[in-house]
Amino acid sequence: MNETREKTLVDILDKKMNRQLLYYLDICTRCSICKDACHQYVSTRDVLYLPAYRAELIRRVYKKYFTGMGQFIPALGEAREIDDKLLDELYQTTYACTGCRRCMFYCPFSIDTTWILSVAKAMLIAAGRGSQILAELSGASISKGENIDLFKDIIIDTLKSTEKELQEKVGDAKANIPIGKEGADTLYVALAGTHTILPAAIIFHQARVNWTLSLFEASNYGYFLGNVPQAKTIAQRIVDEARRLKVKEVVITECGHAYRVMSHFYETWAGEKHLFKVRSILEVIAEYIREGKIKLARGHVSKPLTYHEPCQVGRNAGFYEEPRYIVRQVASDFRELTPNRERNWCCGGGGGLVAEFEFDDLRIKTGERKVQQIRETGAEIVVSPCENCRLQLDTLNEKYNMEIEIISMMDLVVDAMVIDKAAN
Amino acid sequence: MSDEIKVDLELDVRKLLCPMPMVRVSQNIGKVPVGGVIRAVATDPGSLADIPSWARTTGNEVIKTERNDGEFVFYVKRVK
């Protein structure tokens, strides 16, 4: 490693060295409670996936370059120089992490390992060692946003068949999927493709909501990559669109990290407050049910059903009650996973891992705890409001011969919806 | 029409939801020689924007796109 690159990486650590990071680096007592909290460590017993060790790599670099002991007697100070071997280890520990933050929940000092790993990601990117596939996904997303005029007609064209499905489902030949509608109350941000558009369109139609569809997808691979400027650029397209259309709220589809980016991080990144509310589709659906705007057939699903709580929806965003409220409206045999809520196990597919094929074996192996949890319930249906989780559950279903059905929350709702076509 | 282009690798990414079709193309582009072509068949309409955007940013090229009965066919040329 040449001195210039080493200095660049040390400078990044220096810039990121705020009170919070310093606290995390100083306070860890290595009690190792986190080892039993991490699904990756529990499944592999590989120290690389021990949360304290993931953080320890950055801690050792900090000691080397920012403490007297580390500079003069590095062996005593457990200091470690930045070299290619360290970057290799850092890559493996950092990009393999799903960001579920279960370790933080169990840590007596609430050390946020993902915060420390965000610094590691910044250093890896500066060293040209960031995740290639996440960088490609992030770059493609930005390119799509910059060239949206090239794709706008394609998007509108592909929505025509979705619109027909909407009209048939609700029995209203005038039902449509508006795009770029100025003065709409709600801007709905879906995922790429149409599978998260049709169910939302049915729900909004039945709830008589003045809504419009975003031209941009909700998912943000810049966030998974750890590249804050790119993550901000990707999110900003939606913010600009919401401002242009003067909507009152932005509703994010079933996508945990996309909700957190818009709701928890964007204002800090941009240094400005949102001019609209940001809500998850989960709280919106729960509200529509409570207010009688949509009607569901109670007990529509009689097969045993369980709810896989996405880490970014539950533990990291706090939506515990809304999904359970919705599920209980529909399922007569709802069975909780154990443990659940803030203690729920990660499925193993978060953090962009479902796209990082180099970690395929790891995520399949480390999904075994989730497989066990689901099997213990005897559930035949698993509902989960997160695309990453569903992709991972699909893989686990196949690899572990689980023979379960995996569905989204919106599909569960739409399937159980009581639609009075004559009234439409 | 497809026989006009010499295809080096066929990729079936039907039923995969975005961004997985793009991820699979990225995963496989290194398996064809520079100048070689992947023919990828997708069903998620999101791939119509995703795959060309990916090609644009990675320096590769979508040389042709076809749409047949709910399937989207991409001919992706490895440029470098």
ask   = How many residues are assigned by TED's automatic domain parsing to the domain that holds A:TYR53, assigned to a helix (DSSP H, G or I), more than 20 Å from the chain's Cα centre (by Cα) and not aromatic (Phe, Trp, Tyr) if we restrict to the stretch A:93-146?
value = 4
Residues of the stretch A:384-398 satisfying the condition of being within 13 Å of chain B (Cβ to nearest Cβ) and among the hydroxyl-bearing types (Ser, Thr, Tyr) = A:THR395
key: Matching helices (runs of 4 or more DSSP H) fully within the stretch A:217-287 where at least 1 residues are farther than 20 Å from A:ARG101 by Cβ   = A:228-245, A:266-270
Meets criteria (among the aliphatic types (A, V, I, L, M), over 26 Å from A:ARG279 (Cα atoms) and assigned by TED's automatic domain parsing to the domain that holds A:THR98) for A:ALA173 = no
request  = Filter the stretch A:333-356 down to residues that are of a type in the set (D, E, K, R) and not in a helix (DSSP H, G or I) and give me whichever is nearest to the other protein chains (Cβ to nearest Cβ).
outcome  = A:GLU356
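Anything in the stretch B:1-36 that is of a type in the set (A, V, I, L, M), in a strand (DSSP E or B) and either without any contact (Cβ under 8 Å) to a residue 12 or more places away in the chain or surrounded by fewer than 19 Cβ atoms within 10 Å (Cβ to Cβ) (or both)? List them, or say none.
Going through the stretch B:1-36, the residues of a type in the set (A, V, I, L, M) turn out to be B:1, B:5, B:7, B:9, B:11, B:13, B:16-17, B:20, B:22-23, B:25, B:29, B:32, B:34.
From the residues that got through so far, the ones that are in a strand (DSSP E or B) too are B:9, B:11, B:13.
Correct list: B:LEU9 only.
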ask   = Does A:PHE359 count as aromatic (Phe, Trp, Tyr) and under 20 Å from the mean Cα position of the chain (by Cα)?
value = yes
note = Over the stretch A:41-92, the set of residues more than 30 Å from the chain's Cα centre (by Cα), over 19 Å from A:ARG30 (Cβ atoms) and of a type in the set (A, V, I, L, M) is A:ILE73, A:ILE82
remark   = Going through the stretch A:130-154 in order, the residues found to be surrounded by 18 or more Cβ atoms within 10 Å (Cβ to Cβ) and more than 8 Å from every other protein chain (Cβ to nearest Cβ) are A:GLY130, A:SER131, A:LEU134, A:ALA135, A:SER138, A:GLY145
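How many residues, within the stretch A:355-376, are out of contact with any Gly (no Cβ under 9 Å at 6 or more places or on another chain) and surrounded by 18 or more Cβ atoms within 10 Å (Cβ to Cβ)? Walk me through it before giving the result.
Step one: filter the stretch A:355-376 for residues out of contact with any Gly (no Cβ under 9 Å at 6 or more places or on another chain), giving A:355-361, A:371-376.
Subsequent filtering for residues that are surrounded by 18 or more Cβ atoms within 10 Å (Cβ to Cβ) retains A:355-356, A:359, A:371, A:373-374.
Going through the stretch A:355-376 one residue at a time, the tally reaches 6.
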message = Can you tell me which of (1) more than 27 Å from A:LYS277 (Cα to Cα); (2) within 12 Å of chain B (Cβ to nearest Cβ); (3) of a type in the set (A, V, I, L, M) is the one A:ILE111 doesn't meet?
response = (2)
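Table: residues versus (1) under 25 Å from A:TYR320 (Cα atoms); (2) assigned to a strand (DSSP E or B); (3) not β-branched (Val, Ile, Thr).
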position	(1), (2), (3)
A:GLU358	no, no, yes
A:ILE364	no, no, no
A:GLN373	yes, no, yes
A:ASP394	yes, no, yes
remark   = A:ASP157 fails exactly one of (1) outside any loop (DSSP other than H, G, I, E, B); (2) facing chain B (nearest Cβ under 10 Å); (3) touching a helix residue (DSSP H, G or I) at 6+ places or on another chain (Cβ under 7 Å), namely (3)
remark   = Sole miss for A:ILE419 among (1) in contact with a helix residue (DSSP H, G or I) (Cβ under 7 Å, 6 or more places away or on another chain); (2) at pLDDT 95 or above is condition (2)
query = Can you tell me which residue in the stretch A:279-299 is surrounded by the most Cβ atoms within 10 Å (Cβ to Cβ), limited to those that are in contact with a helix residue (DSSP H, G or I) (Cβ under 8 Å, 6 or more places away or on another chain) and either acidic (Asp, Glu) or under 30 Å from A:ARG369 (Cβ atoms) (or both)?
reply = A:ILE285
key: Number of positions in the stretch B:21-57 that are within 16 Å of A:GLU356 (Cβ to Cβ) and at the interface with chain A (Cβ under 7 Å from one of its Cβ atoms)   = 5
task = Starting from the stretch A:326-345, keep only residues that are in contact (Cβ under 8 Å) with a residue 24 or more places away in the chain, then list their pairs with residues that are among the aromatic types (Phe, Trp, Tyr) whose Cβ atoms are within a distance under 6 Å, requiring at least 6 positions of separation or different chains.
result = A:VAL327/A:TYR307; A:VAL327/A:PHE334; A:ARG341/A:TYR320; A:GLU342/A:PHE105
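The values are calculated or read from the model by the stated rules, or taken from the named source; none is laboratory data. Everything quoted here is computed from the prediction, not taken from an experiment. Glycine also receives a Cβ, built like all others from the backbone with ideal geometry; neighbour counts cover every protein chain displayed.
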